[in-house]
Structure formats: C-alpha cells, structure tokens
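Enquirer: Take this structure, written in structure tokens, and hold onto it; I'll ask about it next.
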Amino acid sequence: MRVVFVHGACVRDGEWWWHRAAAGLAGHGVRSVAPGLPSCGEAGPAPDAAGPGLDADVAAVRAAITADDGPVVVVGHSYGGVVAAEAAAGLDVVRHLLLVSSYLPEPGESLSTFGPEEPAPFLEVDPEGGTFSVRADALADVFLQDCDPGTRRDATERIAPQSLSVLEAPVRAAAWHDVPSTYLVCADDLGTPAAAQRRFAERAGRVVELDAGHHPFLSQPEAVRDLVLGLG
C-alpha cells in the first residue's frame, strides 16, 4: 500500500504538514507522498487572478496517485478533500479515500457551495491580486490550538497565498461514490465545526471521530497513522 496525502488550503510544503504521520507509516513499511498544490504556488508560478486553480491541483495529485501501479490510499485534508474527490476518480489503484475535517463535494459543487457569502474572519482576501490566505494569528489559535508552540510556529511559517479561483471551481467527479471512504471528524476543530463535518461525513461510507483540532496529523499523528493502516 502507498499513501498520497493532500494538504489543505493556504499553506505550502505538503511534506512537512504530513511528516509525523508519514514517519509513523514508514515505520510500518508504508510509503507516502504529499504532492505540492499549484494553486498554493508549489509548482513554480505564484498564484494570481489567472490561477493556477483546481484543475492544476487535481492534475498534480492524479500524477502522484498514478506514479506506480500499487494500491493507493488517498488522504485529503480540508480543501484537499475537494481535490481528492476529483483526482482519485476512475483510478483502479485507489483502494480507499480518507477525508480529514474535509469538504466532500458532489460533482458541480465547489468550496463556495459550503461557505457564507462573506469570507470567514480568519481569511485575508486580495481581490485585485486574485488570492486569499489565512491570517497568521488565526492559523495558530483557530486551527492549531491543540499543537505545541514549536509546531504552531513552524506551521505559521508555511502560510501561502492561494488562487481565489479554487473557491468557485466546481469538481467534475466524486470518487467517493465508487471508492470506499472514511471521514475523520475532528471534534475539537475550531475552524470547521464538528457539526458541519458531520454533515459532510453523511456522504462517506464510514465515520470516525477523534477529539482533535483541525490538524490531527500534527497533534495526534499516531491516531492518524493507525487509522490509515487499518484502511489498507
């Protein structure tokens, strides 16, 4: 089994976000990869009003999934669930989808489908530049409240502007219709409330809850490791 991790919105350096869970999996002989998302500026051009957008993110993750012929578990976090929903569609190597505090869109739905008209207070939006990002203080206090100070500091250094186009771009496929899926509800998440997660989770085949904030792979990596190992 191989694992493809897909990070969430407004951050860069995907390998870092997943490194604790990845190390635990490696100890059990499980390889993993965390591809960069072009919409977060991880593939060369900086994001702006012209993109890159969701299509580029889907292509990057799909390439990682198909890098070899072995069975794959795809783990999508937050916005990463939107990417994974389309990227994993129609690929026989994908054995399971794990969605962590994630959006779970039907074809035709986008991030904007699930949000209010006004941007969340923890976001900074630059309409002229065509990007949005998360406020540094909000990342630490809203999304990483159950992490140690060093992790909060290191994570804050990895905030990245992201193309605004991903908010409106609809997914064209929903792999979870055809692939076994598990939704991990993070019950202490201050950014995506557990009640909202549970509504998304109704679309998944199985639901697991963990008393954790938005990034359990940083605060409780052993729990995420064990969950992934059980999916293979």
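Enquirer: For a Förster distance of 25 Å, can you work out the FRET efficiency between the beta-carbons of Ala46 and Asp137, rounded to the nearest 0.05?
Expert: So the FRET efficiency works out to roughly 0.60.
Enquirer: Enumerate the amide H contacts of Val11 below 5 Å, restricted to partners 5 or more residues apart or on another chain; note that Pro and chain-start residues carry no placed amide H.
Expert: It is Ala160, by chain and number.
Enquirer: Still on this model: Normalised by the residues of the chain, what does the relative contact order come to in percent, with Cα pairs under 8 Å and at least six apart?
Expert: Worked out over the chain, it gives 25 percent.
Enquirer: Using alpha carbons only, how many angstrom separate the centre of the stretch 95-160 from the centre of the stretch 163-232?
Expert: Centre-to-centre distance over Cα atoms comes out at 13 Å.
Enquirer: Right, here's the next one. Explain nothing, just the number: dipole magnitude of the stretch 2-229 about its Cα centre with +1 on each Lys and Arg Cβ and -1 on each Asp and Glu Cβ, in debye rounded to the nearest 20.
Expert: In total the dipole reaches around 640 debye.
Enquirer: Give the percent of DSSP beta bridges with both residues in the stretch 2-229 that are antiparallel, rounded to the nearest 5.
Expert: Just about 25 percent of them are antiparallel.
Enquirer: Which whole-number value in Å³ per residue fits the convex hull of the alpha carbons of the stretch 98-189?
Expert: 121
Enquirer: Let me ask something else about it. In the neighborhood of Gly130, defined by Cβ-to-Cβ distances under 12 Å, what is the net charge if each Lys or Arg adds +1 and each Asp or Glu adds -1?
Expert: For residues surrounding Gly130, the net value is -4.
Enquirer: Same structure again: Whole-Å semi-axes of the chain's equivalent ellipsoid, largest first, each the root of 5 times a Cα gyration tensor eigenvalue?
Expert: Listed largest to smallest, the semi-axes of the chain are 24, 20, 17 Å.
Enquirer: Can you tell me which of 143-155, 181-193, 203-215, 92-104 comes out highest on packing, and rank the rest after it, using the mean Cβ neighbours within 10 Å?
Expert: Output ranking for 143-155, 181-193, 203-215, 92-104: 92-104, 181-193, 203-215, 143-155.
Enquirer: Let me ask another. Averaging the inverse of every distinct alpha carbon separation and then flipping it gives the Kirkwood radius. What is it for the stretch 1-139, in angstrom units?
Expert: 15.7
Enquirer: A further question on this structure: For the chain, what is the calculated [θ] at 222 nm in deg cm²/dmol (nearest 500), taking -39500 (n - 2.57) for each run of four or more DSSP H residues and dividing by its residue count?
Expert: For the chain, the value works out to -7500 deg cm²/dmol.
Values quoted throughout were computed directly from the atomic coordinates according to the rules given, and no laboratory measurement underlies them. Because the structure is a prediction, the values reported are computed rather than measured. When we count neighbours, we look across all protein chains shown, and the Cβ atoms used for this are built from the backbone with ideal geometry, even at glycine.
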